[in-house]
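Here's the structure we're looking at; comments come further down.
Values in this text are rule-based calculations from the coordinates and carry no lab data. Keep in mind the model is a prediction, meaning the values are calculated, not measured. Note: ideal-geometry Cβ built from the backbone for every residue, glycine included; neighbour counts use all protein chains shown.
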Amino acid sequence: MCTVVIRVPESPDQPTRVLAVRDEDPARPWNPLGRWWPEAHDGVVGVRDVRAGGAWLAADPAAGRLAVLLNRADVSQRPESELVSRGGLVLDAVAGRSPEGEPPTHGFNLVEVDGGRARVLMWDGDSLRTVDLAPGTHMVAHDDVDDPATPRIARWLGEFQEAPPAAEGDWWMPWVQVLARSAELPPTDDDAIIRDNRPYGYPTLSLLACVASVSAHDVDVHYGELTEPGQWGGLELD
């Protein structure tokens, strides 16, 4: 039940800005932002899932591409033996290979950024849909883009839209300030972005966040972990 905030520029010559908050089981190990795939994906940086070897978020700075994966419920009846990890989709996406047809995975929302353009691919186990994001600020969680039926989107999208990234320096700070205000809610609140999803039957809590500025020839990514899963204590992004 991750959350992504993305601002698509009016001109593709300007950078796309991304804030991604990861919810995961704290017992599932991960590697922080780094170059974990030097042979198969030289130059790619990302947050690696140790168990399956794929990525939650990855970027190829030389190509100006970034992708981040959010889980989504699906209606597939395919047995687990026929399914593969979703993390490989992220690495394929930053290599320019988007999923097509009927992906052999559980459901997902895959955010793809290519310079000043962005889109979301949505797979629910039945159909694969693609939404090109118009200029402006959007939110993605476990349902559709800007979905008003998702409580945290209904509550916070307007505030993110009214807090545009700074023109220079730590451009992400206006968004982090919104994130901090959202964390005044209990992490089990439907409207919360910094989350504890255990009461809803999922072993996941908010663990970390990344911010990224994506242009045609570069991706600048910063990473930070929460001091305690599911609890806001500030966020230092390196």
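Between residue 159 and residue 198, the FRET efficiency estimated from the beta carbon spacing at R0 = 22 angstrom works out to 0.25. Seen from a random direction on average, the alpha-carbon convex hull of the chain projects onto 12.0 square nanometres. Distance between the 7 Å Cα→Cβ label points at residue 147 and residue 52: 1.8 nm.
From most to least packed by mean Cβ count within 10 Å, the peptides 124-132, 223-231, 172-180, 1-9 give 1-9, 172-180, 223-231, 124-132. The HN-Hα couplings worked out from phi for segment 200-216 by the Karplus form 6.51 cos²θ - 1.76 cosθ + 1.60 (θ = phi - 60°) are 9, x, 10, x, 9, 9, 5, 10, 7, 8, 10, 10, 8, 10, 10, 10, 4 Hz, whole numbers, x standing for Gly and Pro.
From the convex hull of the Cα coordinates of segment 1-126, what is the mean projected area in square nanometres? Don't skip to the end; give the middle numbers.
On the way: hull surface 32.1 nm².
Hull-based average projected area comes out at 8.0 nm².
Ranking 110, 61, 37 by Cα position along the charge dipole of segment 30-139, where only Lys, Arg, Asp and Glu carry charges on their C-beta atoms, puts 61 farthest toward the positive end.
Can you tell me the convex hull volume per residue for segment 7-58, based on C-alpha atoms, in Å³ to the nearest whole number?
Values: hull volume 5.0 nm³, N = 52.
It comes to 95 Å³ per residue, whole-number rounded.
So what's the net charge close to residue 57: Lys and Arg +1, Asp and Glu -1, counting the other residues with Cβ under 11 Å from its Cβ? Net local charge, residue 57 excluded: +1. Among 140, 75, sorting on how many other beta-carbon atoms sit within 10 Å of each Cβ, with the fewest leading, yields 75, 140.
For a paramagnetic label modelled on residue 81 (point 7 Å from Cα along Cα→Cβ), amide N atoms under 19 Å away belong, within segment 103-121, to 104-106. 3J(HN,Hα) along segment 47-57, derived from phi through the Karplus expression 6.51 cos²θ - 1.76 cosθ + 1.60 where θ = phi - 60°, amounts to 9, 9, 7, 5, 5, 9, x, x, 10, 7, 9 Hz, with x in place of Gly and Pro. Couplings for segment 233-238, taken from phi via the Karplus curve 6.51 cos²θ - 1.76 cosθ + 1.60 with θ = phi - 60°, read x, x, 8, 9, 10, 9 Hz in order; Gly and Pro are left as x. What the Kirkwood sum gives for segment 126-238 is a hydrodynamic radius of 15.5 Å, with every pair of different alpha carbons counted.
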